[in-house]
Amino acid sequence: MSRSLQFFTPSRAPYFTLHKLPSTSYTRFPVINFPSKKHHITITKSLSSDLDAASSQVLDSGNGQTGVSGVLSADNVVAVQSHAPSESGAAAGIEVDAVTEAELKENGFRSTRRTKLICTIGPATCGFEQLEALAVGGMNVARINMCHGTREWHQMVIERVRRLNEEKGFAVAIMMDTEGSEIHMGDLGGAASVKAEDGEIWTFSVRAFGTPRPERTINVNYDGFAEDVKVGDELLVDGGMVRFEVIEKIGPDVKCRCTDPGLLLPRANLTFWRDGSLVRERNAMLPTISSKDWLDIDFGIAEGVDFIAISFVKSAEVIKHLKSYIAARSRGSDIAVIAKIESIDSLKNLEEIIQASDGAMVARGDLGAQIPLEQVPSAQQKIVQLCRQLNKPVIVASQLLESMIEYPTPTRAEVADVSEAVRQRADALMLSGESAMGQYPDKALAVLRSVSVRIEKWWREEKRHEAMVLPDVGTSFADSISEEICNSAAKMANNLEVDALFVYTKTGHMASLLSRCRPDCPIFAFTTTTSVRRRLNLQWGLIPFRLGFSDDMESNLNKTFSLLKARGMIKSGDLVIAVSDMLQSIQVMNVP
Ligand SMILES: Nc1ncnc2c1ncn2[C@@H]1O[C@H](COP(=O)(O)OP(=O)(O)O)[C@@H](O)[C@H]1O
Ligand SMILES: C=C(OP(=O)(O)O)C(=O)O
Ligand SMILES: [K+]
Ligand SMILES: [Mg+2]
């Protein structure tokens, strides 16, 4: 049976049917360019399970090029409507991305996804069409890991994401993630991987080996390696994917016997353990931000990335230092600094690090190599909770869907792990290898999306509002008023079961205070600048719009209502609560 979809031309408007997919349980269909420039299409009916409904997406580029992509299951029938395109975002005076707009129209306010999604971009996803497919699939933030790839490659990816935003109306933010001073292996002379077998003797050395690389030799990036290790130490590759025991040291060369065989991957992380704990010798003194990282940071500032994630943060000082460095150089274009919690020191100084940062990442990959694995889940819970209390966005990262690097469906355990992160109400989930170099990046993203929507819905239906105590975060009286307004507005929104919260915010602060309350309804965040709008894309439940507004709330509201009504995103009678950081009040009203 053919795997392609039945697709009808727009001349047969207004309804088309995408019929029955083959017997396989899931079929992904790629972005299909709609043949006409005069129409765009909306999926108007989906007779499918939750998972599929959540996964059906419509793309209207706003400049004529239109397509659909998503995941459909067997026997899934969707009706597709074709109609003339509306005004493009900028022309209509309000900017919101095409995917959100379609989601709002299709599913209504209540079922929009609240959990944000980050994709690491790599060889599997750096093409323009591949990036576009991720954006259509719900990617809110694109991450580039400075451990990998060249300057030219990073620049190309940033340029493509920016172009995608401009041409197709997305607001995908860019996160740059520093390499940090971790100890890792070299590039393996171009090989994709090398197998280390049980009992083999391998040489790890800071010496650069010639090409072809001599057999069973590994180059290490850290000069002090041979001095730091001792005979008898255990050497863990990628937190234990492969293990060696140090048997001899000869000058810069460290001879090791493989005790747990496996695949060695280029630039894999190395840690060494002695008597059951992580060895922290001279390597613990390496700077959090290396000289290479500073060059990368300068590059990130010049490119105007939205977030810089700092690897292996040990203390709040380094974050404060970086923030003032950025402030002095980026002239107003605020770049948010995300602290990656992935070391023993970062756990020790957790509260002050999070306090100093603009957000945090639970970087479970390296964290799991630095603390016993069974301690990672409780660390995650603690970090997520603390970030919420301190009103900082938090990302749960690494191995969420690791098996999908190779397989088209996740393991049940992976789905449970994703569910747990959503249930903890983390702001964002992140894909690493799954999207950077996996075989099924779009499917992995679709799984994150459908699991998020399903768990969020379940949470609302069961009315499982956790009674988290939200301590005061405001430092001034004005801040305290804003905070009280947001707490009360969110509570009212839940009690009155309103359709949406509206927040008018210049800096994004009021929007984050509302997001922190994790209300039942979505939060429409109106902001005047494109950069704040992109930054808000990381935070739970916020639907960021760019809109010019004044100090007069009455006219702001009227303008918003008419713009959103014209786009079919709200309708007369919808109940809305509005707050703003210009006028400290809460307004409850029906859309006229
Ligand atoms: N820019 C890139 N170029 C090539 N490969 C990449 C790139 N980014 C990521 N990858 C691949 O994806 C894997 C997972 O990404 P990530 O988790 O960010 O890195 P790491 O495994 O180094 O912590 C990497 O190990 C690498 O194989
Ligand atoms: C996200 C992480 O950092 P990186 O991928 O840069 O090692 C991690 O260690 O989990
Ligand atoms: K990194
Ligand atoms: Mg890491």
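The values are calculated or read from the model by the stated rules, or taken from the named source; none is laboratory data. Since we're looking at a predicted model, the values are computed, not measured. Cβ coordinates were reconstructed from backbone atoms using ideal geometry, including for glycine residues, and neighbour counts include every protein chain displayed.
Quick one: is Ala369 away from ligand 1 (no atom under 16 Å from the Cβ), buried (at least 22 other Cβ atoms within 10 Å of the Cβ) and either under 23 Å from the mean Cα position of the chain (by Cα) or more than 17 Å from Val396 (Cα to Cα) (or both)?
On the way: away from ligand 1 (no atom under 16 Å from the Cβ): no; buried (at least 22 other Cβ atoms within 10 Å of the Cβ): yes; either under 23 Å from the mean Cα position of the chain (by Cα) or more than 17 Å from Val396 (Cα to Cα) (or both): yes.
Taking the combined requirement at face value, the residue does not satisfy it.
Quick one: in the stretch 158-201, of everything that is within 16 Å of ligand 4 (Cβ to nearest atom) and not acidic (Asp, Glu), which residue is surrounded by the fewest Cβ atoms within 10 Å (Cβ to Cβ)?
Applying the first criterion (within 16 Å of ligand 4 (Cβ to nearest atom)) to the stretch 158-201 yields 175-185.
Still in the list and also not acidic (Asp, Glu): 175-176, 178, 180-181, 183-185.
Values: Met175: 27, Met176: 25, Thr178: 25, Gly180: 24, Ser181: 20, Ile183: 16, His184: 19, Met185: 20.
Applying the filter and picking the extreme gives Ile183.
Restricting the search to helices (runs of 4 or more DSSP H) fully inside the stretch 498-569 and requiring at least 3 residues that are of a type in the set (S, T, N, Q) and farther than 19 Å from Arg425 by Cα gives 553-566. For the subset of the stretch 335-366 comprising residues that are closer than 16 Å to Asn391 by Cβ and polar (S, T, N, Q), which member is nearest to ligand 4 (Cβ to nearest atom)? In this case the residue turns out to be Ser357. Filtering the stretch 512-529 to residues that are farther than 19 Å from Met569 by Cβ and in contact (Cβ under 8 Å) with a residue 60 or more places away in the chain leaves Ser512, Leu513, Ser515, Arg516, Arg518.
Among residues of the stretch 327-350 that are under 26 Å from Gly304 (Cβ atoms) and part of a loop (DSSP other than H, G, I, E, B), none has a beta-carbon under 9 Å from a residue that is aromatic (Phe, Trp, Tyr) and more than 16 Å from ligand 3 (Cβ to nearest atom) at least six positions away or on a different chain. Residues that are more than 14 Å from ligand 2 (Cβ to nearest atom), more than 16 Å from the chain's Cα centre (by Cα), of a type outside the set (S, T, N, Q) and within 30 Å of Tyr440 (Cα to Cα): does the stretch 309-316 have at least one? No, there is no match, as no residue in the stretch 309-316 is more than 14 Å from ligand 2 (Cβ to nearest atom), more than 16 Å from the chain's Cα centre (by Cα), of a type outside the set (S, T, N, Q) and within 30 Å of Tyr440 (Cα to Cα).
Only helices (runs of 4 or more DSSP H) whose full extent lies in the stretch 376-442 are considered here, and the ones with at least 1 residues that are over 15 Å from the mean Cα position of the chain (by Cα) and under 22 Å from Trp459 (Cβ atoms) are 376-389, 412-423. Can you give me the number of residues within the stretch 265-279 that are in contact (Cβ under 8 Å) with a residue 12 or more places away in the chain, surrounded by fewer than 22 Cβ atoms within 10 Å (Cβ to Cβ) and away from ligand 2 (no atom under 16 Å from the Cβ)? Number satisfying all stated conditions: 3. Of the residues in the stretch 378-387, at least one is among the hydrophobic types (A, V, I, L, M, F, W, C) and either within 16 Å of ligand 3 (Cβ to nearest atom) or more than 19 Å from Ile118 (Cβ to Cβ) (or both). A count restricted to the stretch 282-323 and to residues that are part of a loop (DSSP other than H, G, I, E, B) and either within 16 Å of ligand 3 (Cβ to nearest atom) or touching a strand residue (DSSP E or B) at 6+ places or on another chain (Cβ under 9 Å) (or both) stands at 12. Scanning the stretch 152-171 for any residue that is within 11 Å of ligand 1 (Cβ to nearest atom) and small (Gly, Ala, Ser) turns up nothing. Give the stretch 202-240 a look and list any residue that's surrounded by 14 or more Cβ atoms within 10 Å (Cβ to Cβ), in a loop (DSSP other than H, G, I, E, B) and of a type in the set (Val, Ile, Thr), or say none. Answer for the stretch 202-240, where residues must be surrounded by 14 or more Cβ atoms within 10 Å (Cβ to Cβ), in a loop (DSSP other than H, G, I, E, B) and of a type in the set (Val, Ile, Thr): Val206, Val229. Scanning the stretch 135-148 for residues that are within 16 Å of ligand 4 (Cβ to nearest atom) and not in a strand (DSSP E or B) yields Met146, Cys147, His148. Looking only at the stretch 330-358, count every residue that is modelled with pLDDT of 95 or more and on the phi > 0 side of the Ramachandran plot and tell me the total. Matching residues across the stretch 330-358 total 0. Of all residues in the stretch 249-259, none satisfies being surrounded by 15 or more Cβ atoms within 10 Å (Cβ to Cβ) and within 19 Å of Ser343 (Cα to Cα).
Against the condition away from ligand 1 (no atom under 12 Å from the Cβ), within 29 Å of Arg274 (Cβ to Cβ) and in contact (Cβ under 8 Å) with a residue 12 or more places away in the chain, how does Gln380 come out, does it pass? When the stated conditions are applied, Gln380 passes them. Residues in the stretch 168-201 that are aliphatic (A, V, I, L, M), more than 16 Å from ligand 2 (Cβ to nearest atom) and not in a strand (DSSP E or B): Ala171, Val172, Leu188, Ala191, Ala192.
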